[in-house]
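One structure is given here, and the rest of the page talks about it.
No value in this document is a laboratory result; all are computed from the given coordinates. Keep in mind that what you see is a predicted model, and the values were worked out from it rather than measured. Here the Cβ positions follow ideal geometry from the backbone for every residue, glycine too, while neighbour counts run over all protein chains shown.
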Amino acid sequence: MRPDPRSPDPRSLGPRSPGAETAAPYPDTFYSRTLADARRRPALTGRVSVECAVIGAGFAGVFTALSLARAGMRVALIEAQAVGWGASGRNGGFVSDGFASGAAAIRRRVGAAQAEALQALSSEGVEILRHEIATLAIAGADPVPGILRLRRYDRSEDLRADATPEAPYLDQAAIRRHLETARYKHGIAERTAFHIHPLNTLRALVAEVERLGGLVFEQSPVTGADLDGPLKVLTTPAGRIEAPRVVLATGGYTGPLVPRLRRAILPIATYVMLSEPAPDLLAQAIRTRMAVGDDRRAGDYYRLVQDGTRLLWGGRITTHAASPAGIGRALRAEMLGVYPQLGPLKTDLVWSGLMAYARHRMPQIGPLQPGVWHVTGFGGHGLNTTAIGGRVTAEAILGTSDRVALFAPFGLDWAGGPVGLAAAQATYWALQVQDWWRERKEA
Ligand SMILES: Cc1cc2nc3c(=O)[nH]c(=O)nc-3n(C[C@H](O)[C@H](O)[C@H](O)COP(=O)(O)OP(=O)(O)OC[C@H]3O[C@@H](n4cnc5c(N)ncnc54)[C@H](O)[C@@H]3O)c2cc1C
């Protein structure tokens, strides 16, 4: 039967955001094309007083504001663009425990006991997201359980040692039941991890902040900040907010507002592509709805989306703006290196986003000066860590716990400016070479 040309194809993407009447002005991504709720928020005008002003409406700012609003505090979220416009609305959607800095590096810096406490916080972050999606019944969050963490070379001891009943070890035969490729040798199935549509999730959390009485302003870049007195004053092009408390949650888009914060962050770009709908072709390669990531330093991560009809594939990092077309070709080459059978698969969209990295690769969460907190530096592992980062910051502001002190050893070290960026790019290339060499040697 021929399809009725008037009925929309459920696999087609929605309108491109910037030109659409209802969608917010997001970059063109899978997520902005599949918004469950496209409401816009007003820009800040005039003078507003609140008990706490949060700058940046990514997950870090939104989780902080949500915890404060739940405790009865009058909060305002001030966003330069649109809620979730930054990394939070463009990412891979993988939710798993841990931090961007590996467990071993954390142990070396703070010792085993504090590393264990931090690991527990990172798991709590996973549960916060799971809980919010379930209890708020978030439309379009589309949580799907399971992430396969796979290794491309032939050594398994540490993976076997890490395996637990919730995260069983997989040998190559077990992997091949899910994935039609010989590229992966070993892995772990993280059953408590899951993946989501991050932008729909974030927008629903913002709606909850509003339901609790919070104010949300879009298209309102904070261009001035007087943070020294007991009453802080933030200015935007058309308004001003006064509050005794301010939280800076500006991620990889942190500008010169607070130079010390800007100097502590390296903005690193990373990339995602989305395939055309091709369920039959994709089924020749990927037979699981679990997400997949390999354990190289900046490895591939991918998952099927839109009911398994499209492939969302992420990877690569750069410290300079790279052309999406060139990066799209590089991501495609990576994909074909794993699944040559996907040769005919076309790419519909490629996009990028900026992550905030500290030199120590841990979140930077804590007091900046009296009445001012920073919640940033979540790197490429931001979904669980922003959730717990926002919660512990709110607890510190409310005086209900000092769990934020666990992050104190990871301060606002100078990230090295342009030299730091060049060093980060060189380190990434060096690690890529090491990964390539190890794969060849141990395959
Ligand atoms: C492509 C990509 C894939 C990723 N994949 C994953 C993944 O699968 N799993 C995972 O855990 N993590 C992933 N990450 C990392 C994760 O998305 C981030 O760590 C996390 O979203 C950071 O949240 P944030 O709130 O700190 O920053 P952001 O989401 O970037 O939010 C910061 C906000 O602050 C606003 N802002 C900045 N300056 C001002 C100002 N002066 N005034 C007002 N507003 C301002 C910006 O407009 C922005 O909206 C990925 C990141 C990228 C880019």
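Things to note:
- Dipole of segment 52-172 [Lys/Arg +1, Asp/Glu -1 at C-beta], most positive-end residue of 156, 58, 125: 58
- Taking one quarter of the surface of the C-alpha convex hull of the chain gives a mean projected area of 21.8 nm².
- Total charge dipole magnitude, segment 61-144, about the Cα centre, Cβ charges on Lys, Arg, Asp, Glu only, Debye to nearest 20: 260 debye
- The Cα center of segment 308-341 and the Cα center of segment 203-275 differ in position by 31 Å.
- Within segment 94-170, the GluC sites (Glu not before Pro) that combine a DSSP coil assignment with at most 14 other C-beta atoms in a 10 angstrom radius are 166.
- For residue 294, the residues whose modelled amide H falls within less than 5 Å of its own, excluding neighbours fewer than 5 places apart on the same chain, are 150, 300.
- Rounded, prolate or oblate (a/c below 1.5 giving rounded, otherwise prolate when a/b exceeds b/c) for segment 107-177 by Cα gyration tensor: oblate
- Where labels lie 7 Å past Cα in the beta-carbon direction, separation of residue 423 and residue 191 in nm: 4.3 nm
- Note on segment 213-273: Kirkwood radius taken over Cα pairs, Stokes-Einstein applied at 10 °C and 1.306 mPa s, translational D equal to 119 µm² s⁻¹.
- Prolate/oblate/rounded call for segment 176-251, Cα gyration tensor, a/c under 1.5 rounded: prolate
- Overall form of segment 333-383 per C-alpha gyration tensor (a/c, 1.5; a/b vs b/c): prolate
- Scalar couplings 3J(HN,Hα) for segment 363-372, obtained by applying the Karplus form with A = 6.51, B = -1.76, C = 1.60 to θ = phi - 60°, are x, 10, 10, x, x, 9, 6, x, x, 10 Hz; x denotes Gly and Pro.
- Contour excess over end-to-end distance, with Cα ends at residue 238 and residue 276 and 0.36 nm allotted per residue: 9.5 nm
- Residues whose placed amide H lies under 5 Å from that of residue 170, excluding near-sequence neighbours: 187, 188, 189
- Estimated dipole of the chain in Debye, rounded to 20 [Cβ of Lys and Arg +1, of Asp and Glu -1, Cα centre]: 660 debye
- The H on the amide N of residue 366, modeled in the peptide plane, is under 5 Å from the matching H of 374, each at least 5 residues off or on a different chain.
- Looking at segment 187-292, the trypsin sites (Lys or Arg not before Pro) that sit in a DSSP loop and have at most 15 other Cβ atoms within 10 Å of their own Cβ are 287, 289.
- From phi via Karplus (6.51, -1.76, 1.60), per-residue ³J(HN,Hα) for segment 222-228 in Hz, x at Gly/Pro: 7, 10, x, 9, 9, 10, 7
- DSSP-assigned coil residues among chymotrypsin sites (Phe, Trp or Tyr not before Pro) in segment 125-212, each with at most 13 further Cβ atoms within 10 Å: none
- Relative to the Cα centre, the charge distribution of segment 233-337, modelled as +1 at Lys and Arg Cβ and -1 at Asp and Glu Cβ, gives a dipole magnitude of about 460 debye.
- Fraction of beta bridges assigned by DSSP in the chain that are antiparallel (%, nearest 5): 70 percent
- Expressed in units of 2.2 N^0.38 Å, where N is the residue count, the Cα radius of gyration of segment 279-434 is 1.29.
- Rounded to the nearest 10 degrees, the angle from helix 324-338 to the longest Cα principal axis of the chain is 40 degrees.
- Helix 198-211 and the long axis of the chain differ in direction by around 30°, with both axes built from C-alpha atoms.
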